Amino acid sequence: MPIQIDNLTLQEHIADDAEFIPLLSQEEEEELLNTETPEVLSLLPLRNTVLFPGVVIPITAGREKSVKLLQQAYKKKELIGVVSQKDLELDEPSMEDLSRIGTVARIHKMIKLPDGNITVIMQGLSRFEVKNFVADEPYFMAEVIKLQEKKPRKNDKEYNAIIDSVKDIAMDIIKNNPMIPTEASFAINTIESPSFLVNFVSSNLDIAVEQKQQLLEENDMKLRATETLKLLHVEFQKLQLKNDIQSKTRSEMDQQQREYFLNQQLRQIQEELGGVSQEQEIAELEKRAKDMKWESETAEHFQKELKRLTRLNPQMPEFSIQRNYLEFMLDLPWNEFGGGKIDIAKAEKVLNRDHYGLKKVKERILEYLAVLKLRDDMKSPILCLYGPPGVGKTSLGKSIAEALGRSYQRMSLGGLHDESEIRGHRKTYVGAMPGRVLQNIKKAKSANPVFVLDEIDKLGRSNHGDPTSALLEVLDPEQNNAFYDNYLEMGFDLSRVLFIATANNISNIPAPLRDRMEMIQVNGYTLEEKTQIAKKFLLPKQLAEHGLKKNDLNLTAAQIAFVIDGYTRESGVRTLEKRIAQLVRNVAKDIAMEHEVDAKMPREKIEKILGVPRESEKYEQLNVAGVATGLAYTAVGGDILYIESILSPGKSALSMTGNLGEVMKESAKIALEYIKANHERFDIPLDLVKESNVHIHVPEGAVPKDGPSAGITMLTSLVSTFTQRKVKKNLAMTGELTLRGKVLPVGGIKEKILAAKRAGIKEIILSRDNEKDVNEIEEEYLKGLKFHYVETSAQVLDLALDSKA
């Protein structure tokens, strides 16, 4: 069986005194091509290679016909014809299975092998074509015709460029293929003949026998060179791709081995330095898990995640992510509860100690604590303390935590607009963290802390989700026993947490969220309450914070009242505390500079430090028709406002100024339309109404104003303008007006009454339905005020307007 053997790797089989030279000069090639070809040639079939002119190849023969032919030809020094088989699988080919074009060959050497086969070294001389077969025994013989090759001219630039490219690419293949010995590059460089170079490269190309046969059959040497160049390009591309794949595979293996050795060295270094190895970290986690008081489902989940950690490479980012997750699970207070039995008397004492006034609020809080005490297994209520800023809503939560002996946690929700701040991120994300709810629970180290959700009315909404919707689960007693955090990926029981939300404006809280909370209103303080708070709490606190003694500054009740009236405008005491801090800092400066200090700070000194006092809230006695005094409820508490109206010639047009909201504008329209419909009752000529434009203005135009509570005030102002009957002195009013003339109740009564009292108002007109709100206010706050409860607009006008114009 003939097989091809690489002629560049057979040096050990060839004797030193070999009689052939494998590489040719152009003259030697011409001599070979001009060798006389017999008319009849013995044919040697090859089934896995093609012999080209000038090329020397070794052939191992095993078939009986082939052995006989080679022995006789070598013995008689005869030329033979070498042809390729069409079907490579045939062991005994017929004449039809042989190619018609082959190469005349001369046998240079014969080597007998121990197994009976023979190996011959032969060289191609010229090409021939089979004319017809004359015998097939003892081997194939045929009449042949010698073929002449068409060679380009010596000065053919294109052909020379092709030859140069063939040589360059062949050199690149030898350089990049480790299977080809480096001596091959020497062989390529020493070939002088362009045609022999093409034949030599074609013979050694790693291509199919059919492709080699096609190259041999090409008479035009330029075309054969071009086709050889194409095949070389393909061969080189395959080699590059193969080398790239091997390089990548080898580099990956090298990197893995490098990391393995580095990890081993790192582990040894950690042990030498007393550090913790991966096994020790996992063992520590398992030890902590045994002491946890969690349910079987939680324990099973932890063990599953721990097994996953053991399979991770410590140098991979996923390892630290998984370890942080397991440590977070262990840090959570599963079934760990703080505080003992609830002591209602102690709770009342703590609330009274920390907060002055707020009697109704304290009673409501103590009621909830009493129920918690009687039913220890009861789920904690969710309270919402709402009211103006600075009245002590947040500090009430801290006092409740102290009264219960529980941990206190506060979470500010102001401006929060990302749902993941509540629910957390999935731990697969880079930089993932649990939600702030569970982070605070972890910080509390207790599963039943007092948890203050501050400024719940200031939650935002964005394309990152709606945090108010996420809070629905947190604040629902029916759902929060299995609160799902995206980072934790399992439920955590929040039902024992006492949530206390705080808000300024409950209208900004979505109805579903508001429905889940027990609303407790925290009203503003009266002047007397503020005075006591400043004397008992704020002044001692500021003295301590500024490093002063109690006797360094002693403010009397009258001085504190002066500061409240002249320098604050609020329902709470936040601004008041800042003003007291200014006074304390001034005293601290004098003491530090060793100046003489008067502990009883005179009023003139207070004015010098705080500036000129403001008197804007005092009632102004305007002896003019068309001006009525109303009561408003703002974000900073109650306030008085003046509503002015005036007529001008026109066609009954209504215009409004003063930064009014839509609801307030509607109240003005209702008042005007009510007057038009009932002009006879008010003794207002219809022509006057039709031929007059009405303008309503509410001073302090920079301040936004809205709400229905100015309805009766606008009606009073307009009727006063049309009739020129003045509004009675020291009288204010608040109430919503309907088109039928009914007076409806409004909110914020306590704050409005306190504002009226601060302004020096003596009489107040309210809806009959607001009488119950007034009855809930302590008597001491109502001294000096007279209340008129009305049901209709006619009653309002009878009380508010003078009888004469």
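The values are calculated or read from the model by the stated rules, or taken from the named source; none is laboratory data. Here the structure is a predicted model, which is why all the values come from computation and not from measurement. No Cβ is skipped: glycine too gets one built from the backbone with ideal geometry, and neighbour counts run over all protein chains shown. Accessible surface areas use protein heavy atoms only, side chains included; no ligands, DNA or RNA. Shrake-Rupley method; radii C 1.70, N 1.55, O 1.52, S 1.80 Å.
Among the residues of region 470-517, write down those that are open to solvent by 20 Å² or more (accessible area, probe 1.4 Å), in contact with a strand residue (DSSP E or B) (Cβ under 9 Å, 6 or more places away or on another chain) and in a helix (DSSP H, G or I).
Of everything in region 470-517, those that are open to solvent by 20 Å² or more (accessible area, probe 1.4 Å), in contact with a strand residue (DSSP E or B) (Cβ under 9 Å, 6 or more places away or on another chain) and in a helix (DSSP H, G or I) turn out to be GLU473, ASN481, ALA482, ILE506, ARG514.
Could you look through region 160-184, keep only residues that are acidic (Asp, Glu) and under 20 Å from LEU241 (Cα atoms), and pick out the one that is surrounded by the fewest Cβ atoms within 10 Å (Cβ to Cβ)? Steps first, please.
Step one: of region 160-184, the residues acidic (Asp, Glu) are 164, 168, 172, 183.
Imposing the further condition that a residue be under 20 Å from LEU241 (Cα atoms) reduces the set to 168, 172.
Details: ASP168: 13, ASP172: 15.
Out of the qualifying residues, it is ASP168.
Residues checked against (1) in contact with a Ser or Thr (Cβ under 7 Å, 6 or more places away or on another chain); (2) within 17 Å of LEU453 (Cα to Cα); (3) in contact (Cβ under 8 Å) with a residue 60 or more places away in the chain:
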position: ALA470; (1), (2), (3): no, yes, no
position: GLU478; (1), (2), (3): no, no, no
position: GLY491; (1), (2), (3): no, no, no
position: VAL497; (1), (2), (3): yes, yes, yes
position: ASN505; (1), (2), (3): no, yes, yes
position: PRO512; (1), (2), (3): no, yes, no
position: GLN521; (1), (2), (3): no, yes, yes
position: GLY524; (1), (2), (3): yes, no, yes
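Within region 728-772, track down each residue that is assigned to a strand (DSSP E or B), open to solvent by 20 Å² or more (accessible area, probe 1.4 Å), in contact (Cβ under 8 Å) with a residue 40 or more places away in the chain and under 16 Å from THR629 (Cα atoms).
Start the filter on region 728-772 by keeping residues that are assigned to a strand (DSSP E or B), which leaves 731-733, 736-737, 742-744, 763-767.
Filter once more, keeping what is open to solvent by 20 Å² or more (accessible area, probe 1.4 Å): 736, 742, 744, 763.
Of the ones still in play, those that are also in contact (Cβ under 8 Å) with a residue 40 or more places away in the chain are 736, 742.
Result: GLU736, single match.
How about region 643-675: which of its residues are part of a helix (DSSP H, G or I) and under 18 Å from GLN724 (Cβ atoms)? Before you say what the answer is, go through the steps one by one.
Looking only at region 643-675, we keep the residues that are part of a helix (DSSP H, G or I), and these are 662-675.
ALA671, LEU672, ILE675, listed by residue number.
Starting from residues that are part of a loop (DSSP other than H, G, I, E, B) and in contact (Cβ under 8 Å) with a residue 60 or more places away in the chain, keep the ones in region 281-337 and report whichever is most open to solvent (accessible area, probe 1.4 Å).
Residues of region 281-337 that are part of a loop (DSSP other than H, G, I, E, B), as a first pass: 291-295, 311-316, 332-337.
From what is left, the residues that are in contact (Cβ under 8 Å) with a residue 60 or more places away in the chain are 332-337.
On the way: LEU332: 3, PRO333: 7, TRP334: 20, ASN335: 64, GLU336: 72, PHE337: 103 Å².
So, considering only residues that are part of a loop (DSSP other than H, G, I, E, B) and in contact (Cβ under 8 Å) with a residue 60 or more places away in the chain, the one most open to solvent (accessible area, probe 1.4 Å) is PHE337.
Could you pull out the residue among VAL56, VAL120, VAL104, VAL134 that is open to solvent by 10 Å² or more (accessible area, probe 1.4 Å), over 20 Å from ILE207 (Cβ atoms) and either of a type in the set (A, V, I, L, M, F, W, C) or in contact with a Lys or Arg (Cβ under 6 Å, 6 or more places away or on another chain) (or both)?
On the way: VAL56 fails: over 20 Å from ILE207 (Cβ atoms); VAL120 fails: open to solvent by 10 Å² or more (accessible area, probe 1.4 Å); VAL104 fails: open to solvent by 10 Å² or more (accessible area, probe 1.4 Å).
None of the other options fit; the residue is VAL134.
Filter region 292-322 down to the residues that are over 14 Å from TYR487 (Cβ atoms), in contact with a helix residue (DSSP H, G or I) (Cβ under 9 Å, 6 or more places away or on another chain), modelled with pLDDT of 85 or more and not hydrophobic (A, V, I, L, M, F, W, C) and list them by number.
Scanning region 292-322 gives THR298, GLN303, ARG308.
Inspect all residues belonging to region 407-424 and state whether any of them is in contact with a strand residue (DSSP E or B) (Cβ under 8 Å, 6 or more places away or on another chain), in a loop (DSSP other than H, G, I, E, B), within 18 Å of ASN335 (Cα to Cα) and open to solvent by 10 Å² or more (accessible area, probe 1.4 Å).
Of region 407-424, the ones in contact with a strand residue (DSSP E or B) (Cβ under 8 Å, 6 or more places away or on another chain) are 407-414, 417-420, 423-424.
Still in the list and also in a loop (DSSP other than H, G, I, E, B): 407, 413-414, 417-419, 424.
Filter once more, keeping what is within 18 Å of ASN335 (Cα to Cα): 407.
So of that shortlist, the ones also open to solvent by 10 Å² or more (accessible area, probe 1.4 Å) come out as 407.
Yes: region 407-424 contains one or more residues that are in contact with a strand residue (DSSP E or B) (Cβ under 8 Å, 6 or more places away or on another chain), in a loop (DSSP other than H, G, I, E, B), within 18 Å of ASN335 (Cα to Cα) and open to solvent by 10 Å² or more (accessible area, probe 1.4 Å).
Between residues in region 152-173 that are under 15 Å from HIS233 (Cβ atoms) and residues that are open to solvent by 50 Å² or more (accessible area, probe 1.4 Å) and part of a helix (DSSP H, G or I), which pairs lie under 7 Å by C-beta distance while being six or more apart or on different chains?
Pairs found: ILE169/HIS233.
Every residue in region 773-805 that is under 19 Å from LYS728 (Cα atoms), of a type in the set (A, V, I, L, M) and either touching a Leu at 6+ places or on another chain (Cβ under 9 Å) or assigned to a helix (DSSP H, G or I) (or both), please. Full working, then the answer.
We begin by selecting, within region 773-805, every residue under 19 Å from LYS728 (Cα atoms); these are 784-790, 792-805.
Narrowing further to those that are of a type in the set (A, V, I, L, M): 785, 790, 794, 796-797, 799-801, 805.
Within region 773-805, VAL790, ALA794, VAL796, LEU797, LEU799, ALA800 qualify.
Filter region 429-445 down to residues that are buried (at least 20 other Cβ atoms within 10 Å of the Cβ) and closer than 17 Å to ASN335 by Cβ, then give me how many there are.
Number of matching residues: 3.
Identify all residues within region 643-653 that are surrounded by 12 or more Cβ atoms within 10 Å (Cβ to Cβ) and either modelled with pLDDT under 80 or touching a helix residue (DSSP H, G or I) at 6+ places or on another chain (Cβ under 9 Å) (or both); write none if there are none. If you could, list the steps in order and put the result at the bottom.
Residues of region 643-653 surrounded by 12 or more Cβ atoms within 10 Å (Cβ to Cβ): 643-647, 650, 652.
Answer for region 643-653, where residues must be surrounded by 12 or more Cβ atoms within 10 Å (Cβ to Cβ) and either modelled with pLDDT under 80 or touching a helix residue (DSSP H, G or I) at 6+ places or on another chain (Cβ under 9 Å) (or both): ILE643, GLU644, SER645, ILE646, LEU647, SER652.
Quick check on this structure: which one of LYS150, LYS222, LYS242 is open to solvent by 70 Å² or more (accessible area, probe 1.4 Å) and under 30 Å from LEU79 (Cβ atoms)?
Numbers: LYS222 fails: open to solvent by 70 Å² or more (accessible area, probe 1.4 Å); LYS242 fails: under 30 Å from LEU79 (Cβ atoms).
Answer to the selection: LYS150.
When you check PHE140 against the structure, is it open to solvent by 20 Å² or more (accessible area, probe 1.4 Å) and hydrophobic (A, V, I, L, M, F, W, C), yes or no?
On the way: open to solvent by 20 Å² or more (accessible area, probe 1.4 Å): no; hydrophobic (A, V, I, L, M, F, W, C): yes.
Here the answer is no, as PHE140 does not meet what is asked.
Which one is least open to solvent (accessible area, probe 1.4 Å) among residues in region 338-352 that are among the small types (Gly, Ala, Ser) and part of a helix (DSSP H, G or I)? Give the derivation first.
First pass over region 338-352, keeping only residues among the small types (Gly, Ala, Ser): 338-340, 345, 347.
Checking the rest, the ones that are also part of a helix (DSSP H, G or I) come to 345, 347.
Working: ALA345: 68, ALA347: 0 Å².
Across region 338-352, the extreme among qualifying residues is ALA347.
As an exercise: evaluate GLU29 against (1) in contact (Cβ under 8 Å) with a residue 40 or more places away in the chain; (2) of a type in the set (Asp, Glu); (3) under 27 Å from GLU218 (Cα atoms); (4) open to solvent by 50 Å² or more (accessible area, probe 1.4 Å) and give the number of the one condition it does not meet.
Among (1) in contact (Cβ under 8 Å) with a residue 40 or more places away in the chain; (2) of a type in the set (Asp, Glu); (3) under 27 Å from GLU218 (Cα atoms); (4) open to solvent by 50 Å² or more (accessible area, probe 1.4 Å), the lone unmet condition for GLU29 is (4).
With respect to LEU372, is the statement that it is at pLDDT below 90 and surrounded by fewer than 21 Cβ atoms within 10 Å (Cβ to Cβ) true?
Spelling it out, LEU372 is indeed at pLDDT below 90 and surrounded by fewer than 21 Cβ atoms within 10 Å (Cβ to Cβ).
Among (1) surrounded by fewer than 17 Cβ atoms within 10 Å (Cβ to Cβ); (2) touching a helix residue (DSSP H, G or I) at 6+ places or on another chain (Cβ under 9 Å); (3) among the charged types (D, E, K, R), which single condition is LYS665 missing?
The number of the failed condition is (2).
Taking the options SER399, SER395, name whichever one is under 29 Å from ASN508 (Cα atoms), surrounded by fewer than 18 Cβ atoms within 10 Å (Cβ to Cβ), modelled with pLDDT of 85 or more and not acidic (Asp, Glu). Write out each step before concluding.
Values: SER399 fails: surrounded by fewer than 18 Cβ atoms within 10 Å (Cβ to Cβ).
Exactly one residue qualifies, and that residue is SER395.
Looking at (1) modelled with pLDDT of 85 or more; (2) surrounded by 19 or more Cβ atoms within 10 Å (Cβ to Cβ), which is the only condition SER380 fails?
(1)
Suppose we keep only residues that are exposed (fewer than 14 other Cβ atoms within 10 Å of the Cβ) and not in a helix (DSSP H, G or I) within region 269-280. Which one would you say is modelled with the highest pLDDT? Steps first, please.
Narrowing region 269-280 to residues exposed (fewer than 14 other Cβ atoms within 10 Å of the Cβ): 269, 271-276, 279-280.
Restricting the remaining residues to those that are not in a helix (DSSP H, G or I) gives 273-276.
Numbers: LEU273: 62, GLY274: 58, GLY275: 54, VAL276: 57.
In this case the residue turns out to be LEU273.
So which residues in region 548-598 are in contact with a His (Cβ under 7 Å, 6 or more places away or on another chain) and either open to solvent by 70 Å² or more (accessible area, probe 1.4 Å) or in a loop (DSSP other than H, G, I, E, B) (or both)?
Looking only at region 548-598, we keep the residues that are in contact with a His (Cβ under 7 Å, 6 or more places away or on another chain), and these are 584-585, 588.
Hit for region 548-598 is ARG585, nothing else.
What tally of residues in region 625-634 results from selecting those that are more than 13 Å from THR716 (Cβ to Cβ) and at pLDDT 85 or above?
Residues of region 625-634 that are more than 13 Å from THR716 (Cβ to Cβ), as a first pass: 632-634.
From what's left, at pLDDT 85 or above: 632.
Residues flagged as more than 13 Å from THR716 (Cβ to Cβ) and at pLDDT 85 or above within region 625-634 amount to 1.
Within the set of pairs 6 or more residues apart or between chains, which connect a residue that is within 16 Å of LEU46 (Cβ to Cβ) inside region 107-135 to a residue that is of a type in the set (Phe, Trp, Tyr) and open to solvent by less than 60 Å² (accessible area, probe 1.4 Å) with Cβ atoms less than 6 Å apart?
GLY124/PHE52
Taking only pairs six or more apart or across chains, which ones have beta-carbon atoms under 8 Å, a first residue in region 627-652 that is closer than 15 Å to ASP706 by Cα, and a second residue that is at pLDDT 90 or above and open to solvent by 50 Å² or more (accessible area, probe 1.4 Å)?
Filtered contacts from region 627-652: ILE643/HIS697.
Among the residues of region 432-454, are any part of a loop (DSSP other than H, G, I, E, B) and more than 19 Å from ASN481 (Cα to Cα)? Steps first, please.
Of the residues in region 432-454, the ones part of a loop (DSSP other than H, G, I, E, B) are 432-435, 445-449.
The next check asks that each one be more than 19 Å from ASN481 (Cα to Cα); those that pass are 432-433.
Yes, some residue in region 432-454 is part of a loop (DSSP other than H, G, I, E, B) and more than 19 Å from ASN481 (Cα to Cα).
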